[in-house]
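> First the structure, which I've put down as structure tokens, then a few questions once you've had a look.
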Amino acid sequence: MSLKAFHIFFIAVAALTLFGFGVWCVLVGGTGYLVMGVVSFIAGIGLVIYGVKFLQKLKDVRYL
Amino acid sequence: MQIPYTTTARPDTGVYNAKLGVWFFLASEVMLFGGLFSSYIFLRIGAPVWPGELGGEMYVRAHDILNVPLATLNTMVLIASSVTMVMSWASLMMKRFDRYRLYMGATVAFGFVFLIIKAFEYGSKFEHGLFPSESNFLAIYFTMTGLHALHVIGGIIVNAYFLGPGAKMWKTNPQQFTNRIEVAGLYWHFVDLVWIFLFPTIYLL
């Protein structure tokens, strides 16, 4: 597996973690955690957009 | 003597030797951290209350003891460091050595930021008398995050070498140097991935 493939896997796992953390923050409640939850959701969406752009930019690089 | 398959793929494995080697090494690391995660699960299953009693008080949620905002910040720092790490490798493939230095420098800096934040977190625990000997929860917390921090230090040393003296290879053998950065990047991503699993497991659940 190349760094490209591992990076895509990492970004996917990181985005899922950030979305999950966002949900956790909402469930815990409180202003501070809600702010962190919103930031996590935004960061998760940012990672998904970045991942798609990264794939487009390195489309010629092998996955192995 | 010429070391074989440093730049070209070995026919039977399909990858150059360093990449195969780092994956074998990472497999052993999976077993190391896997063992610790298993220990964590068994300690938790066996405890009637988790994290349990600390300093005469009973805690039922880990985030009442641990600093979640700092850990979240550290998560963001490590994700950003993965992005700069892969950008440094991509810069070399595009023959942009100036950009490589910029991104690799940022990766090393992010590693130091992670360690400084971790040091603050540990310092706060020690000030409150929270040491590994206090409870099973603190023991496994310090063991797992401490071992992870040691891996971050190892990654910083390797990346700093490739940023400094190791970068001379770019002039003599750019393809092998690019491959070395890819291998270092695979290790760095693994270390970041371990944290991505550690963060929710220890701090949130």
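> If r is the Cβ-Cβ distance from B:Met76 to B:Leu147 and R0 is 25 Å, what FRET efficiency results, to the nearest 0.05?
My answer for the efficiency is 0.70.
> With a Förster radius of 35 Å, plug the Cβ-Cβ distance of B:Ser133 and B:Ile157 into 1/(1 + (r/R0)^6) and report the FRET value to the nearest 0.05.
Given R0 = 35 Å and the Cβ-Cβ separation, E is 0.75.
> Same structure again: Subtract the Cα-Cα distance of B:Leu36 and B:Lys168 from 0.36 nm times their separation in residues, and report this length gain in nm to one decimal.
Here the segment from B:Leu36 to B:Lys168 would lengthen by 43.7 nm.
> Which order do B:Trp89, B:Trp170 fall in if you start with the one that has the fewest other Cβ atoms within 10 Å?
Arranged by neighbour count, lowest to highest, B:Trp89, B:Trp170 become B:Trp170, B:Trp89.
> Additional query: What Kirkwood hydrodynamic radius do you get for the stretch B:1-61 when you take the inverse of the mean 1/r over all pairs of distinct Cα atoms, in Å? Walk me through the numbers before you get to the answer.
Numbers: mean 1/r = 0.0649 Å⁻¹.
Every distinct Cα pair counted, the radius reaches 15.4 Å.
> Sort B:Asp192, A:Asp60, B:Asp64 by Cβ crowding within 10 Å, fewest neighbours at the top. Don't skip to the end; give the middle numbers.
On the way: B:Asp192 26, A:Asp60 6, B:Asp64 11.
Lowest count first: A:Asp60, B:Asp64, B:Asp192.
> Another question about this same structure. At 10 °C and 1.306 mPa s, grab the translational diffusion coefficient of the stretch A:16-57 from Stokes-Einstein with a Kirkwood Rh over Cα pairs, rounded to a whole number in µm² per second.
For the chosen part, D equals 150 µm²/s.
> Which three semi-axes in whole Å describe the equivalent ellipsoid of the stretch B:104-205, each the square root of 5 times a Cα gyration tensor eigenvalue, listed largest first?
Working: eigenvalues 224, 38, 18 Å².
Semi-axis lengths for the stretch B:104-205 are 33, 14, 10 Å.
> Which residue fluctuates most in the GNM of chain B (Cα springs below 10 Å): B:Phe137, B:Phe162, B:Phe120?
B:Phe120
> Would you compute, for the Cα atoms of the stretch B:32-98, the largest minus smallest coordinate along each principal axis and list the three values in descending order, in whole Å?
Projected onto the principal axes, the Cα atoms of the stretch B:32-98 cover 59, 27, 13 Å.
> Between A:Met1 and A:Lys59, what FRET efficiency follows from the Cβ-Cβ distance if R0 is 25 Å, with the result rounded to 0.05? Mind showing how you got there, number by number?
Numbers: r = 17 Å, r/R0 = 0.67.
Efficiency at R0 = 25 Å is approximately 0.90.
> Taking the Cα-to-Cβ direction at B:Val113 and at A:Val28 and moving 7 Å from each Cα, how far apart do the two end points lie in nm?
Distance between label points: 2.1 nm.
> Mind checking the mean number of beta-carbon atoms from other chains within 10 Å of the Cβ atoms in A:6-18?
5
> Based on other C-beta atoms within 10 Å, arrange B:Thr13, B:Thr72 from fewest to most.
Going from sparsest to densest Cβ surroundings: B:Thr13, B:Thr72.
> Between the helical axis of A:31-57 and the dominant principal axis of chain A, each derived from Cα atoms, what acute angle in degrees is found, rounded to the nearest 10?
Around 10 degrees separate the two axes.
> May I ask which residue of B:Ile117, B:Leu147, B:Tyr161 lies farthest towards the positive end of the charge dipole of the stretch B:109-205, with charges of +1 (Lys, Arg) and -1 (Asp, Glu) on Cβ and the Cα centre as origin?
Final value for the positive-end residue is B:Tyr161.
> Separate question: Using the C-alpha gyration tensor of chain B, what are the square roots of 5 times its eigenvalues, in whole angstrom, with the largest one first?
38, 19, 12
> Right, something else. Please report the base-10 log of the normalised intensity I(q)/I(0) for the protein assembly as shown, using a Debye sum with one equal scatterer per alpha carbon and no solvent, at each q in 0.13 (1/Å).
Rounded to two decimals, the profile gives -0.90.
> Under the Karplus relation 6.51 cos²θ - 1.76 cosθ + 1.60, θ = phi - 60°, what is the ordered set of whole-Hz ³J(HN,Hα) values for the stretch B:2-9, x standing for Gly and Pro?
8, 6, x, 6, 8, 10, 10, 6
Any read-out appearing in this document is the output of simple, stated calculations on the displayed coordinates, not a laboratory observation. Quick caveat, the model's predicted, so the values are computed rather than measured. Positions of Cβ are backbone-derived with ideal geometry, glycine not excepted, and every protein chain shown enters the neighbour counts.
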